[in-house]
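The values are calculated or read from the model by the stated rules, or taken from the named source; none is laboratory data. All of these numbers come straight from a predicted model, not from anything done at the bench. Note: ideal-geometry Cβ built from the backbone for every residue, glycine included; neighbour counts use all protein chains shown. These accessible areas exclude ligands, DNA and RNA; they are computed on the full protein's heavy atoms, side chains included. Shrake-Rupley method; radii C 1.70, N 1.55, O 1.52, S 1.80 Å.
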Amino acid sequence: MTGHNEIIHQSIRLRIMAALNIMGADETIVFSKLKGLVEATDGNLGAHLDALERAGYVAIQKLFEGKRPQTRVKATPAGKRAFAEHVAYLREIIDTSLPPK
Amino acid sequence: MTVAAFPALCALPGTGTFVVGSTHSPNGRAMSQIDPDSAIHALSDIARVERRAIEASHFADAASSCFLWAALTTFGYLFHQFDPADGRWAWGVINIAGVVGMAALGFRSRLKRRSGSSLPIDHRPSMVQGAALVFGSVWYLLLTHGGGEYRVSATYFPTIFMFGMIVMGLWIGRFLIITGVVVTFLVLAVFLWSGPWFDYLMALCVGGVLAAAGFWFRRMDTKA
């Protein structure tokens, strides 16, 4: 059984990784759109993104679109791998809890 | 090995946390276990977010298509209004430009997701519009032998396109169905009662509503 990933398992961080995981390797998502997808507040999302960035699971780019600052986020290969492993771990928990046929 | 009686809670306040029990291995390293109910809850949460993200990507693609066809159809009707003699062949060029533009949008979309994405590429919208176009063209040629009136063809093909949009609405969302039905009725009203204002009103109804739909999809994409 693969291990439980404490960083990813927190519900907002799990949603963040789920949203980022379906995107391409070079594809980024704007902070405001990610906020809508994971149903978090600005501060909450920012804090969780910091935690994921520190773990090396997401990369955060701060750019300017015209004069407006824009934050873009993407999952790193390590983040995608950790998410896939965590999902596999969750599935294993459910499978092993089912009564044998 | 001991199992703590309390759930391990995450450090960040104000967020939901799935129930996790803490276990210690013989070497003292903390390990954790998640109960099956929490695992089910977490997986359903993931599925919900993925569904919303896929929906948002459909909205982004639909917005680009709507803007493309809004620009092309508005140009086509206005061009015909000012130059009716060349208007007919202009529509041929516009339709080819539309198909090429759609292919380019699809290519761009794939390029963005070309590696590492688990987002499935949905071929259904292009298949529906392709099938509707072939069906509509075959019947149009059979009934008119290619020599139908301009007003008939300029009304008929937008309704075929809208029919495709209504079908796509069955899985993308009801807004497409509403847009398709509204434009179809507007187009029929313009066909029946517009008189010499036909091209202007068609540009307004088809181009205008498609542009409005494009803005709506873009808004939904950023809100999703």
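Can you give the average number of partner chain beta-carbon atoms within 10 Å of each beta-carbon in peptide A:26-34, as a whole number?
3
What is the interface area between chains B and A, defined as buried accessible area summed over both chains with a 1.4 Å probe, reported in Å² to the nearest 100?
3000 Å²
For chain A, what is the charge dipole size about the Cα centre, in debye to the nearest 20, if Lys and Arg each add +1 at the Cβ and Asp and Glu each add -1 at the Cβ?
260 debye
Relative to the longest principal axis of the C-alpha atoms of chain A, give the angle of the C-alpha long axis of helix A:77-97, reported between 0 and 90° and rounded to the nearest 10°.
Tilt of helix A:77-97: around 30 degrees.
Tally Lys/Arg at +1 and Asp/Glu at -1 over every other residue whose Cβ is under 15 Å from the Cβ of A:Ala88; what's the total?
Spelling it out: positives minus negatives among the neighbours equals 0.
In what sequence, highest mean first, do B:175-181, B:206-212 appear when ranked by Cβ atoms within 10 angstrom?
Peptide ranking by packing, descending: B:206-212, B:175-181.
Can you list the residues of segment A:57-101 whose accessible area drops by at least 40 Å² going from the chain on its own to the full set of protein chains, with a 1.4 Å probe?
With the partner chains in place, segment A:57-101 has these residues losing at least 40 Å²: A:Leu90, A:Ile93, A:Ile94.
Distance from the Cα centre of segment B:33-110 to that of segment B:154-224, in angstrom?
14 Å
Of B:Leu68, B:Gly87, B:Ser57, which is farthest on the positive side of the dipole of segment B:46-115, counting Cα position, with +1 on Lys and Arg Cβ, -1 on Asp and Glu Cβ, and the Cα centre as origin?
Going by the Cα projections, it comes out as B:Ser57.
With a point put 7 Å past each Cα toward its Cβ, work out how far B:Tyr200 is from B:Ile178 in nm, to one decimal.
2.9 nm
Quick one: with all protein chains in place, what share of the accessible area of chain A is carbon or sulfur, to the nearest percent (1.4 Å probe)?
Here carbon and sulfur together make up 54 percent of the probe-accessible area.
Efficiency by 1/(1 + (r/R0)^6): what FRET value for B:Leu188 and B:Arg124, r their Cβ-Cβ distance, R0 = 35 Å, to the nearest 0.05?
0.85
Test of understanding: in a Gaussian network model of chain A with alpha carbons linked when under 10 Å, which of A:Ala19, A:Ala51, A:Ala88 would top the mean-square fluctuation ranking?
Result for chain A, Cα springs under 10 Å: A:Ala88 fluctuates most.
Tell me, what is the FRET efficiency for B:Val152 and A:Lys67 to the nearest 0.05, using R0 = 45 angstrom and their Cβ-Cβ distance as r?
Here the calculated transfer efficiency is 0.35.
From the square roots a ≥ b ≥ c of the eigenvalues of the alpha-carbon gyration tensor of segment A:41-82, which class results: rounded (a/c under 1.5), prolate (a/b over b/c), or oblate?
Verdict is oblate for segment A:41-82.
For peptide B:45-51, what's the mean number of Cβ atoms from other chains within 10 Å of each residue's Cβ?
6
How high is the FRET efficiency from B:Leu133 to B:Arg51, r the C-beta distance, R0 25 Å, rounded to 0.05?
That pair, B:Leu133 with B:Arg51, gives E of 0.25.
Heavy atoms only, probe 1.4 Å: what % of the accessible area of segment B:139-224 goes to carbon and sulfur, would you let me know?
77 percent
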